[in-house]
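The values are calculated or read from the model by the stated rules, or taken from the named source; none is laboratory data. Just so it is clear, the structure is predicted and the values come from calculations on it, not from any experiment. Heads up, the Cβs are rebuilt from the backbone with ideal geometry, glycines too, and the neighbour counts pull from every protein chain shown. Accessible surface areas use protein heavy atoms only, side chains included; no ligands, DNA or RNA. Shrake-Rupley method; radii C 1.70, N 1.55, O 1.52, S 1.80 Å.
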Amino acid sequence: MRPLRCCRRRGAIVGTVTLCLAAGWALQTPGGVSLTVPQPNINATVAQNILLSVEYFCRGIATVEWKHVSSWGTTKIVEWKSGNYINVSTVYKDRVNTFENGSIQLLNVGMRDAGYYFVTVTEEYGTNSYGTIVLNVYEIIYEDLHFVAVFFAFLAAVSAILICFMWLCNKSLHLFRKRTHKLTASTTEEIELETIEC
């Protein structure tokens, strides 16, 4: 009988140790879904293509959903289940590319695309993970160059007007001198005629 009790104790100890190891393994193994956003702030210019990059991990099949929130409201961009379907909003048709890691690419961004982008990854068992990316879109401004071009065009126009005015003044002066010269010539002739007549 004594050896039987010893075996039972050893079995209980081995069972307890096995249970503790299994619990520790279960706690160390990532459960649910994890999501990483490597670049939470993105700056872009108008008409640029932008990659909203994320990386997710889950054991089961995940559903990825992207939404855009701005001062104009909230818009659902795209939703897909890995390997099954892709549902793209009509507003973003032909403007969005999806990737298996959960990332999306926006093509030809405009000023209305600025704002917050929320990604939700949902595991088939109901576990969720969320991420946010802020997109700032700037217009390429050529105001300084435009101002310089307009200023030079204005100066060229004023120069052309002044040159034309100077040319007209010169012509007028030349005509005035001709008339004055003719007058002095005719006056001189009259004086000579008067002296001859006297």
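A few notes on this one:
- Here the stretch 77-89 is the region considered, the condition is being modelled with pLDDT under 95 and either outside the structural domain of I50 (by the TED database) or under 21 Å from the mean Cα position of the chain (by Cα) (or both), and the residue that is nearest to T122 (Cα to Cα) is V88.
- There is no residue in the stretch 141-162 that is under 18 Å from S53 (Cα atoms) and either of a type in the set (S, T, N, Q) or touching a residue at least 60 places away in the same chain (Cβ under 8 Å) (or both).
- Looking at I77, I61, I86, I50, just one residue is of a type outside the set (D, E) and in contact with a His (Cβ under 7 Å, 6 or more places away or on another chain), and that residue is I77.
- Being surrounded by 13 or more Cβ atoms within 10 Å (Cβ to Cβ) and modelled with pLDDT under 95 holds for only one residue in Y116, Y92, and it is Y92.
- Hey, T75 in a strand (DSSP E or B), under 28 Å from E139 (Cα atoms) and open to solvent by less than 60 Å² (accessible area, probe 1.4 Å) or not: yes
- Residues in the stretch 133-163 that are open to solvent by 60 Å² or more (accessible area, probe 1.4 Å) and not in a helix (DSSP H, G or I): Y138, E139, I140, I141, Y142.
- Contacts under 9 angstrom Cβ, first residue in the stretch 31-46 being assigned to a loop (DSSP other than H, G, I, E, B), partner open to solvent by 70 Å² or more (accessible area, probe 1.4 Å) and among the charged types (D, E, K, R), 6 or more apart: G31/R59; G32/R59; V37/E55; P38/E55; V46/E139
- Leading residue by the ranking (modelled with the highest pLDDT) among those in the stretch 56-69 that are touching a strand residue (DSSP E or B) at 6+ places or on another chain (Cβ under 7 Å) and surrounded by fewer than 15 Cβ atoms within 10 Å (Cβ to Cβ): V69
- Test result for V91, among the aliphatic types (A, V, I, L, M) and under 21 Å from P38 (Cβ atoms): no
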